[in-house]
Amino acid sequence: MRDAFHEQLQHLTDRMVEMANLVEVAVREGTGALLEADARRAERVIAADAQIDRLQSLVEERTFEQLALQQPVASDLRALVAALRMVADLERMGDLAEHVAKIARMRYPECAIPAELHDTIAEMGSVAERMVHKVAQTVASSDVTQAVDLVAEDDQMDRLRRSLFHIVLDKDWSHGVEAAIDIALLGRYYERIADHAVSMARRVIYLVTGDVPVRSS
C-alpha cells in the first residue's frame, strides 16, 4: 500500500512538472506576442490554457482520491495538501500568461508596448519565464537550495515593476491613459506570476525541511 501511495505521489509530481512546463511556454509565447504584436501567437497562448486547466483538474481529482482512500497523516498529508495548493498556483500563472496574450490580441495590429518600455517588459517576461522554469525543476527534485534561490529572485521582478510605474507616472508620459492602464496591468500580471512561483518554492521548502520560510519585507 505504501509503495502504491508513493507511486501516486510521484504521478502527481510529474503532472505538476508538466503543468509548469506548459506555463513556461505560455509566459514565453505570451511575452513574444505582446512585444511583436503577433495576434496568431497570442491566440495560441489563449487556446493552450485549456490544457493547463485540464491538468489541474486531473491532479485535484487524483489528490482527493488519495485523501479519501489512504487517509494520510503527517508528511504524506502535507504533500497532498501542498499538491492542491501548487496546482492552484500553476493554474493561476497560466491564466496570467493568458491575460498578457489577451492584451497583445486586443491592441493588434498595434504594439501595446511603447518603444521606451520594450526592454523592461522583455526583461520582466524573461524573469517570469526563468522563475517558472526553476519552479518545474524545484518541484521535480525537491531541491531546497534552488527553492531558496527562487524566492530571492522575486526581488528583481519587484524592482522592474517599480521602474514601470516611475515611467508611466512621469510628467513626460505621452502615450495616454489607455497605454498606461495596459502597462499597469502587465506589470501586475508579471509580478503575480513571480509571486505564485515564490509561493510554490516556499511550499517545497516546508515539505522538505518542515520549516516555514520567513517572508522578505
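The values are calculated or read from the model by the stated rules, or taken from the named source; none is laboratory data. As the structure is a computational prediction, the values presented were derived from the model and not from experiment. Quick reminder, even Gly has a Cβ in these numbers, built from the backbone with ideal geometry, and neighbours come from all protein chains shown. These area figures cover heavy atoms from the full protein model, side chains too; ligands, DNA and RNA do not enter into them. Shrake-Rupley method; radii C 1.70, N 1.55, O 1.52, S 1.80 Å.
Among the residues of the range 39-92, not one is surrounded by 19 or more Cβ atoms within 10 Å (Cβ to Cβ) and not in a helix (DSSP H, G or I).
Criterion applied to Arg92, Arg78, Arg28 was being touching a helix residue (DSSP H, G or I) at 6+ places or on another chain (Cβ under 7 Å), at pLDDT below 95, charged (D, E, K, R) and under 28 Å from Ala128 (Cβ atoms), and the one residue passing it is Arg78.
Pro213 fulfils the conditions (1) within 26 Å of Val23 (Cα to Cα); (2) open to solvent by less than 40 Å² (accessible area, probe 1.4 Å); (3) at pLDDT 90 or above except for a single criterion, (3).
Scanning the range 101-122 for residues that are more than 18 Å from Ala26 (Cβ to Cβ), in contact with a helix residue (DSSP H, G or I) (Cβ under 9 Å, 6 or more places away or on another chain) and in a helix (DSSP H, G or I) yields Arg107, Glu116, Leu117, His118, Thr120.
So that you can scan it fast, the table gives a plain yes or no per residue for (1) modelled with pLDDT under 95; (2) within 23 Å of Val135 (Cα to Cα):
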site: Gln146; (1), (2): yes, yes
site: Val151; (1), (2): yes, yes
site: Ser174; (1), (2): yes, no
site: Gly187; (1), (2): no, yes
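Reported count of residues in the range 141-199, each being open to solvent by less than 70 Å² (accessible area, probe 1.4 Å), aromatic (Phe, Trp, Tyr) and without any contact (Cβ under 8 Å) to a residue 24 or more places away in the chain, is 1. Could you count how many residues in the range 114-128 are open to solvent by 10 Å² or more (accessible area, probe 1.4 Å) and not small (Gly, Ala, Ser)? Here the count works out to 6. Do we find that Ala48 is in contact with a helix residue (DSSP H, G or I) (Cβ under 7 Å, 6 or more places away or on another chain) and at pLDDT 95 or above in this structure? Yes.
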